[in-house]
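The structure under discussion appears below in the form of structure tokens.
Here, each number is a calculation from the coordinates, and none is a lab measurement. These figures come from a predicted structure and were not determined experimentally. With ideal geometry, Cβ positions are generated from the backbone for all residues, glycine too; neighbour counts draw on all protein chains shown.
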Amino acid sequence: MQDTDRYISPLSERYASKKMQFIFSEDKKFRTWRRLWIALAEAEQELGLAITDEQLLELRSHAEDINYEDARRREKEVRHDVMSHVYAYGLQCPKAQGIIHLGATSCYVGDNTDIILMKEGLSLIREKLVNAIRNISEFAEKHKDLPTLAFTHFQPAQPTTVGKRACLWLQEFIMDLEDLEYVLSTLKLLGCKGTTGTQASFRELFDGDEEKADRLDAMIAEKMGFAGCVAVSGQTYSRKTDTRVLNVLAGIAASAAKMSNDIRLLQHLKEVEEPFEKNQIGSSAMAYKRNPMRSERIASLARYVMADALNPAITSSAQWFERTLDDSANKRLSVPEAFLATDGILDLVMNVSDGLKVYPKVIEKHLKEELPFMATENILMDCVKRGGDRQEFHERIRELSMEAGRNVKEKGEPNNLLDLIAADPAFGVTRKELEEKLDPAGFVGFAPIQTERFLREVVRPILDRNQDILGQKAEINV
């Protein structure tokens, strides 16, 4: 039965996937601690310390079955989470009790686990980001030739195509993917460097053998699936690492928010609509409404992630010398929650982009209302070609455009600019001739070609490299 008498994070109840929740779960964390203790003991044995095969076997046999109650009871006494779990592990492994955590500090398990979890979290984020890119690229391909009003300052401007606009969303997500892959490729473990990062305890354990102390780090990294450990550290890995990781997540959040804001505006215009399920309720009061709640949720969660990214930046700037503990409580909140929120954002992006509905007739209607204004440049050029004075015709078109604009805004009438121009003998052109100049496809420039080229040259290679992770569908909880 669900607890209803205490706070439960909506990130776990409403937004984040089970996969991401598991990565930052207690089970994952403490099992990783035990994997690290096993890796340390194995490496120390291989480097000549007196650790027996029997002790290692005992440690491995209890790698998964964590005795949480023993750990919790001990932590109430000693107020130290790592030593409580060392104690609990030792109860299960009495023969290995004396060599668990040998030579290490708390940050050996704490910091290395944080790096491991962030790496796995980034890998899951990467999978979802690539699938979102796939969805949006298919939408762009489908609508690459569909003319639509473009906007600058949210005022009608030269038309683009629906597909070309989607490429603007894609471009930003691809920038995020590049940033993510770079940070992911540079993540290194802390290793086992001791209280202030000097490896002093291992100098003692290995009788001053520097090579063995260095090999210990490399062996632990290999056992844990990493290319290496950081070259230097204090007691902790640099908290700037958390800053870099959360900046990547904040970048994804910003890109998602931009896309979601565009969709919300387009849904207001009734040109594009996010998925709306058969039994979904848009408003408790107005039954007819189809609110863009998924896009709004993207924007809402994105705001949280972007603000959350300040936490590790401030934390890293405030670490004194080789370490202080004012990072711990903040990290426990800011890092996992940034991952959970970004995971929820990308599930929504995948869901929305997989089911976007386009209404070409509404798009065409809006275009026709504005195209007469946009055609004036072409009309002006034709007049000049026939020997007219550009400045005179420019002024006359400006005056007629202002008159047509007043008719639309003040009288609520249709745009009659073409009628005004056709009725002016100075232009010498009929209404039919003017209408022939209003084919929307003639106003979108190279938008369809730009879209095709972008999808072919930029997006397709990304998708081709990631065929093994494509095809994911996102489920949203509410």
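Under a Cβ-only charge scheme (Lys and Arg +1, Asp and Glu -1), can you give me the dipole magnitude of the chain about the Cα centre, in debye to the nearest 20? Display every interim value, and only then the final one.
Details: 65 positive and 76 negative charges, 211 e Å.
Dipole size: approximately 1020 debye.
Find the centroid of the Cα atoms in region 301-316 and in region 1-65, then give the distance between the two in whole Å. Their Cα centres are 27 Å away from one another. Computed on the chain, with alpha-carbon pairs under 8 angstrom and 6+ residues apart, the relative contact order is 19 percent. Distance from a point 7 Å along Cα→Cβ of residue 290 to each backbone N in region 349-386: keep the residues under 12 Å and list them by number. Of the residues in region 349-386, 356-360, 362 have backbone N under 12 Å from the label point off residue 290. Look at where the Cα atoms of region 347-377 and of region 156-190 average out, and the two centres are 22 Å apart. Extending 7 Å from Cα along the Cβ direction at residue 377 and again at residue 83 yields two label points whose distance is 7.4 nm.
Eigen-decomposition of the gyration tensor built on the alpha-carbon atoms of region 199-280 gives equivalent ellipsoid semi-axes of 53, 14, 9 angstrom, largest listed first. Between residue 391 and residue 227, the contour length at 0.36 nm per residue exceeds the alpha carbon distance by 52.2 nm.
Working out 0.36 nm times the residue gap between residue 215 and residue 247, then minus their Cα-Cα distance, what length gain in nm do you get to one decimal? Intermediate results must be reported in sequence, preceding the final value.
Working: separation 32, 0.36 × 32 = 11.52 nm, distance 3.25 nm.
Gain on stretching residue 215 to residue 247: 8.3 nm.
Whole Å is fine, so just give me how far the alpha carbon centre of region 222-238 lies from that of region 87-144. That distance is 14 Å. Under the simplified labelling scheme, the residue 13-residue 316 pair shows an inter-label distance of 3.4 nm, with each label point 7 Å from Cα along Cα→Cβ. Note that region 175-184 has calculated 3J(HN,Hα) couplings of 4, 5, 4, 4, 5, 4, 5, 5, 4, 4 Hz, one per residue in order, obtained from phi through the Karplus relation 6.51 cos²θ - 1.76 cosθ + 1.60 (θ = phi - 60°); glycine and proline are x.
Which order, highest average first, do 7-17, 461-471 follow once you tally other Cβ atoms within 10 Å for each residue and take the mean per peptide? Write out the running numbers ahead of the final one.
Working: 7-17: 16.5, 461-471: 12.0.
Per-residue mean Cβ counts within 10 Å order the peptides as 7-17, 461-471.
Per the Debye formula on identical point scatterers at the alpha carbon atoms of region 13-99, with no solvent, log10 I(q)/I(0) at q = 0.19, 0.20 Å⁻¹ is -0.87, -0.93. Between the listed residues 24, 49, 92, the Cα displaced farthest toward the positive end of the dipole of region 13-99, a dipole computed from Cβ unit charges relative to the Cα centre, is found at 24. One decimal place: the segment residue 365-residue 261 gains 35.2 nm when fully extended, by the rule 0.36 nm per residue minus the C-alpha distance. Eigenvalues of the alpha-carbon gyration tensor of region 106-360, scaled by 5 and square-rooted, set the equivalent ellipsoid semi-axes at 46, 18, 15 angstrom, largest first. For region 387-478, the alpha carbon positions stretch 66, 42, 24 Å along the principal axes, listed from largest to smallest. Measuring against 30 Å, Cα to Cα, the residue pairs 18/331; 270/385; 19/331; 193/331; 29/258 contain 270/385; 29/258 as the ones spanning a longer distance. The three principal axes of the C-alpha atoms in the chain carry coordinate ranges of 104, 51, 41 Å, sorted with the longest axis first.
Helical runs assigned H by DSSP (4 residues or longer) give the chain a calculated mean residue ellipticity at 222 nm of -20000 deg cm²/dmol, each run adding -39500 (n - 2.57) before division by the residue total. Peptides 231-242, 307-318 ranked from most to least packed, by the mean per-residue count of other Cβ atoms within 10 Å: 231-242, 307-318.
Can you tell me, using C-alpha contacts under 8 Å and at least 6 residues apart, the relative contact order of region 312-469 as a whole percent?
Numbers: 64 pairs, mean separation 22.8, N = 158.
So the answer I get is 14 percent.
Put simply, when 108-119, 34-45, 350-361 are sorted by average Cβ atoms within 10 angstrom per residue, most first, you get 108-119, 34-45, 350-361. Taking θ as phi - 60° and the Karplus parameters 6.51, -1.76 and 1.60, the scalar couplings of region 315-327 work out to 4, 5, 6, 9, 6, 7, 6, 7, 3, 9, 9, 6, 8 Hz in sequence order, x denoting glycine and proline.
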